[in-house]
1. Per residue, how large is the accessible surface of the chain? Use a 1.4 angstrom probe and give square angstrom.
2. Work out Dmax and Rg for the chain from the C-alpha atoms and quote the Rg first, both in angstrom.
3. Any idea what the relative contact order of region 8-62 is, in percent, if you count C-alpha pairs under 8 Å spaced at least 6 apart?
4. Ignoring ligands, DNA and RNA, what percent of the 1.4 Å accessible area of the chain is carbon and sulfur?
5. Tell me which of Ser34, Trp61, Leu49 sits at the most positive position along the dipole axis of the chain, charges placed on C-beta atoms (Lys, Arg +1; Asp, Glu -1).
6. Order 23-29, 46-52 from most to least packed using the mean count of other Cβ atoms within 10 Å.
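The values are calculated or read from the model by the stated rules, or taken from the named source; none is laboratory data. A quick note: this is a predicted structure, and the numbers were derived from the prediction, not measured. Cβ: placed from backbone, ideal geometry, glycine included. Neighbour counts: every protein chain shown. Surface accessibility is based on the protein's heavy atoms, side chains included, excluding ligands, DNA and RNA. Shrake-Rupley method; radii C 1.70, N 1.55, O 1.52, S 1.80 Å.
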Amino acid sequence: MKINNYTVPFVVKMIQEIYKLDEQRFYKADLSASDLLMDLNLILSKINLTNKQAFILEKYWQEGYT
């Protein structure tokens, strides 16, 4: 799947489930989870977040703090 085929809701869900995807690739030997993580990291590196935006992304979306 190409990066430009990902929808915004799909990327948001991937961000929210990033730790689950990370564990899934080891415990279930899921190579598609590795592909998704590589694509997600590429997407996040291309959007040029500020330090504050990156902090909010990590704490709110990934770790679930409110």
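1. Numbers: 5230 Å² over 66 residues.
Ligands and nucleic acids excluded, the result is 79 Å² per residue.
2. Cα radius of gyration and Dmax of the chain are 12.2, 34 Å respectively.
3. Working: 23 pairs, mean separation 23.4, N = 55.
Value for region 8-62: 43 percent.
4. On the way: 3050 of 5230 Å².
Accessible surface attributable to carbon and sulfur in the chain totals 58 percent.
5. Leu49
6. Values: 23-29: 11.7, 46-52: 8.9.
Highest mean packing first, the order is 23-29, 46-52.
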